[in-house]
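Report on the following structure.
The values are calculated or read from the model by the stated rules, or taken from the named source; none is laboratory data. No experiment lies behind these values; they were computed from the predicted model shown. Here Cβ is always computed from backbone atoms with ideal geometry, including for glycine, and neighbour counts include all displayed protein chains. Heads up: the accessible areas ignore ligands, DNA and RNA and are worked out on the full protein's heavy atoms, side chains in. Shrake-Rupley method; radii C 1.70, N 1.55, O 1.52, S 1.80 Å.
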Amino acid sequence: MRILTTIFLILILTSCKEDRKNNLYNINVIEHDTIYKRTKTHLDSKYKLIGKNDNPKEILLSENTSQIIQGKFGFGMVEANKPQNKAFIFQTDYKIKINSLPKLSNPNLFSLVNEFEESTSENNLKSVLIESDDDALTNTKAYKLTFAFIKNQNDTIGFQNTYQLVINNRFTSINYLNESIENFIEMEKEFEGLALRIK
């Protein structure tokens with residue numbers, strides 16, 4: 001993930017309205033509660049954008065999600081016909097020191113397996129940490145956690161990729177839940193492309 005794109009993504013705490021026919025979105029880009037840019041952008045027709053002023057329950061199906069992730073829902077993207085494929089940003093309101101990301105003594109606390117279960121109607125999935133990267137991004141301190149969601153002890157049916165970083169002195173997490181690595185790569189490109197188009 002490019003750091004410039006990441007920084008810009010964090011600023012897009014959007015309110016948006018959709019032209020469903022063309023999957024065109026009117027977006028208000030907000031920083032510190034002030035709209036500093038209004039723009040329109042097109043999104044791949046398979047995805048739906050959920051803004052800060054929309055109902056977060058359109059994308060976040062488990063009540064546990066907002067209890068696990070620090071901060072408030074910023075915005076997200078969900079695959080319309082497969083709600084298990086989604087990406088969303090949370091950001092704190094309070095300021096913290098630039099390099100004060102917490103050491104991840106127990107990364108499993110950040111697993112969103114309940115969210116993935118709600119999106120798939122699966123039960124009793126096991127969450128397994130498969131990657132922990134303390135230097136996930138260049139030019140800024142960031143952690144990346146990758147979990148696999150496993151059914152019946154051997155069938156992997158989903159993944160979580162979470163980036164944790166500090167932007168504008170605020171703790172931020174960018175979370176991807178996807179049924180496959182290919183879905184994750186595709187959605188990450190669309191997410192970054194959205195930021196570049198708005199820029």
Of S119, S127, S132, which residue is assigned to a helix (DSSP H, G or I), at negative phi and of a type in the set (S, T, Y)?
S119
Could you tell me which numbered condition K189 fails, if it satisfies all but one of (1) touching a strand residue (DSSP E or B) at 6+ places or on another chain (Cβ under 9 Å); (2) within 21 Å of H42 (Cα to Cα)?
(1)
Which one of the conditions (1) at pLDDT 95 or above; (2) open to solvent by 20 Å² or more (accessible area, probe 1.4 Å); (3) assigned to a strand (DSSP E or B) does G158 fail to meet, given that it meets all the rest?
(2)
Just to be sure I understand the filter: pairs with C-beta atoms under 9 Å, separated by 6 or more residues or on different chains, first member in the range 63-75 and buried (at least 20 other Cβ atoms within 10 Å of the Cβ), second member of a type in the set (K, R) and at pLDDT below 85. Which pairs pass?
F73/K52; G74/K52; F75/K52
Which of the residues that make up the range 106-138 are exposed (fewer than 12 other Cβ atoms within 10 Å of the Cβ) and either of a type in the set (S, T, N, Q) or touching a His at 6+ places or on another chain (Cβ under 9 Å) (or both)?
N106, S121, N123, N124, T138
Check on I30, buried (at least 18 other Cβ atoms within 10 Å of the Cβ) and modelled with pLDDT under 85:
yes
Subset tally (residues that are buried (at least 18 other Cβ atoms within 10 Å of the Cβ) and more than 16 Å from K82 (Cα to Cα)) for the range 161-179
12
Residues in the range 46-78 that are farther than 15 Å from E115 by Cα and assigned to a strand (DSSP E or B): how many?
7
Filter the range 180-199 down to residues that are open to solvent by less than 30 Å² (accessible area, probe 1.4 Å), at pLDDT 80 or above and among the hydrophobic types (A, V, I, L, M, F, W, C) and give me whichever is farthest from G74 (Cα to Cα).
F184
